[in-house]
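Engineer: My questions all concern the structure below.
The values are calculated or read from the model by the stated rules, or taken from the named source; none is laboratory data. The shown structure was predicted, so the numbers you read here are calculated from the model rather than taken from an experiment. Positions of Cβ are generated from backbone atoms using ideal geometry, with glycine treated the same way; all protein chains shown enter the neighbour counts.
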Amino acid sequence: MKINFPALFKTPLHKYTFFFIFGNDETVFERTISFIQKQFSSRFEIRTEDDLATNAPKAPSLFDERTSSSLTFVPHVTDKLLKIVDQLKKGHFIFTSEKARSQSKLVTYFSQSSTSLAIAAYASPLTTSEFEFLVEEVNLPTSFKMLLFKAYQNDYMGLITTLEKIKLYGEVPADQFECFLEASLPSDELTPLIHGFLIRNVENTIRAFSSTNPSDLIPFLRTLSRSFQILFELMPFKRSPKSISWHGLSSPVFFKDQPLYETALSKWQPEEVLFFLETLLMLEREVKFSGFSLPQVQAELVQIL
């Protein structure tokens with residue numbers, strides 16, 4: 001069976017053994033993987049296509065660690081997978097290919113197989129079904145949820161950041177709703193500044209601040225908050241960063257950014273990250289309601305480094 005990403009949230013996933021994700025939107029790939037993973041109470045592991053080819057023919061054993069409840073993620077698959085997929089008898093599998101398109105062999109196979117679901121991952125705004133899935137663990141008034149959906153329908157990462165901020169903030173009174181309702185996307189020019197904070201490089205951070213536009217203050221604070229929420233979630237792996245299950249995180253971390261977070265883990269302590277997140281929340285309120293300037297924000301944040 002083949003579906004577009006928005007239909008994923010109304011599809012009975014437990015009918016299928018194999019999930020094949022193809023398309024060109026990296027964020028939608030991550031959204032798809034996150035949703036599938038949370039539907040299965042399974043041990044999550046990452047393997048390569050070559051690893052599968054080497055181990056697929058292994059006969060079942062009563063003492064095999066792999067169980068029928070395992071969920072295996074295999075990224076960047078090629079047509080070689082078709083030679084071994086029928087030998088994969090245990091557990092569930094997520095395969096991805098950024099190169100496959102609608103008429104490719106992989107898409108054709110997984111679309112026609114009764115045990116497979118092919119999912120087209122192209123740019124997509126939030127649907128009500130996906131939104132309800134994302135907010136189900138956060139106790140929010142209906143009126144507030146409606147406002148959040150309207151504000152972040154085209155800003156998935158903005159919504160994820162805002163939900164984490166709400167969890168940190170606690171119960172949000174009606175007169176504070178506005179603090180959480182401005183969808184804003186950061187410019188690429190903010191990237192060196194965000195990276196400077198993550199790895200606690202004071203010199204680079206101050207240099208990056210000098211080229212920051214004051215109009216980017218809110219996007220900057222929200223992007224920085226998102227980055228440090230990810231870092232806080234990674235803190236249990238502080239002593240073993242190489243064991244991180246990146247696709248098990250509540251917010252996606254793209255492959256190119258993973259070494260950055262591994263480095264950041266060695267630079268920060270959990271209590272420091274929590275304090276930094278609380279400071280960011282305070283600063284956003286000050287910028288919006290008290291007119292805090294860029295130099296004031298810089299002074300508050302740099303002193304923490």
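Engineer: So, restricting to strands (runs of 3 or more DSSP E) that lie completely within region 1-50, which ones have at least 2 residues that are at pLDDT below 90? Walk me through it before giving the result.
Structural biologist: Working: elements: 2-4, 18-23, 44-46.
Correct list: 44-46.
Engineer: When the residues of region 249-271 are filtered to those that are within 19 Å of Tyr169 (Cβ to Cβ) and exposed (fewer than 14 other Cβ atoms within 10 Å of the Cβ), which remaining residue is farthest from the chain's Cα centre (by Cα)?
Structural biologist: Glu271
Engineer: Additional query: Inside region 273-284, can you point out the residues that are surrounded by 15 or more Cβ atoms within 10 Å (Cβ to Cβ) and charged (D, E, K, R)?
Structural biologist: Glu284 - this is the single residue of region 273-284 that is surrounded by 15 or more Cβ atoms within 10 Å (Cβ to Cβ) and charged (D, E, K, R).
Engineer: So which residues in region 105-131 are part of a loop (DSSP other than H, G, I, E, B) and surrounded by 15 or more Cβ atoms within 10 Å (Cβ to Cβ)? Before the answer, list the steps.
Structural biologist: Going residue by residue through region 105-131, those that are part of a loop (DSSP other than H, G, I, E, B) are 113-115, 122-127.
Hits for region 105-131 are Ser113, Ser124, Leu126, Thr127.
Engineer: Restricting attention to region 138-163, which residues are modelled with pLDDT of 80 or more, outside any loop (DSSP other than H, G, I, E, B), under 25 Å from Glu26 (Cα atoms) and not hydrophobic (A, V, I, L, M, F, W, C)? Give the derivation first.
Structural biologist: Here is the first cut: in region 138-163, the residues modelled with pLDDT of 80 or more are 138-160, 162-163.
In the following step, the residues that additionally are outside any loop (DSSP other than H, G, I, E, B) were identified as 142-152, 156-160, 162-163.
Adding the requirement that they be under 25 Å from Glu26 (Cα atoms) leaves 148-152, 156-160, 162-163.
If the condition is that a residue be modelled with pLDDT of 80 or more, outside any loop (DSSP other than H, G, I, E, B), under 25 Å from Glu26 (Cα atoms) and not hydrophobic (A, V, I, L, M, F, W, C), then Lys150, Tyr152, Tyr156, Gly158, Thr162 are the ones that fit.
Engineer: Please find, within region 174-205, the residue that is modelled with the lowest pLDDT out of those that are aliphatic (A, V, I, L, M) and over 21 Å from the mean Cα position of the chain (by Cα). So that I can check it myself, show each step before the final result.
Structural biologist: Narrowing region 174-205 to residues aliphatic (A, V, I, L, M): 174, 181, 183, 185, 190, 193-194, 198-199, 202.
When the remaining residues are screened for being over 21 Å from the mean Cα position of the chain (by Cα), the result is 174, 202.
On the way: Ala174: 88, Val202: 93.
If we take residues in region 174-205 being aliphatic (A, V, I, L, M) and over 21 Å from the mean Cα position of the chain (by Cα), then Ala174 is modelled with the lowest pLDDT.
Engineer: Can you spot a residue in region 206-224 that is of a type in the set (S, T, N, Q), part of a helix (DSSP H, G or I), in the same structural domain as Gln269 (by TED's automatic domain parsing) and under 17 Å from the mean Cα position of the chain (by Cα)?
Structural biologist: Yes, region 206-224 contains a residue that is of a type in the set (S, T, N, Q), part of a helix (DSSP H, G or I), in the same structural domain as Gln269 (by TED's automatic domain parsing) and under 17 Å from the mean Cα position of the chain (by Cα).
Engineer: Additional query: In region 233-246, is there at least one residue being in contact with a strand residue (DSSP E or B) (Cβ under 9 Å, 6 or more places away or on another chain) and either assigned to a helix (DSSP H, G or I) or β-branched (Val, Ile, Thr) (or both)?
Structural biologist: Yes, there is a match, as at least one residue in region 233-246 is in contact with a strand residue (DSSP E or B) (Cβ under 9 Å, 6 or more places away or on another chain) and either assigned to a helix (DSSP H, G or I) or β-branched (Val, Ile, Thr) (or both).
Engineer: On to the next question. Answer with yes or no whether Ser69 is within 26 Å of the chain's Cα centre (by Cα), modelled with pLDDT under 90 and closer than 21 Å to Ser34 by Cα.
Structural biologist: Against the criterion (within 26 Å of the chain's Cα centre (by Cα), modelled with pLDDT under 90 and closer than 21 Å to Ser34 by Cα), Ser69 qualifies.
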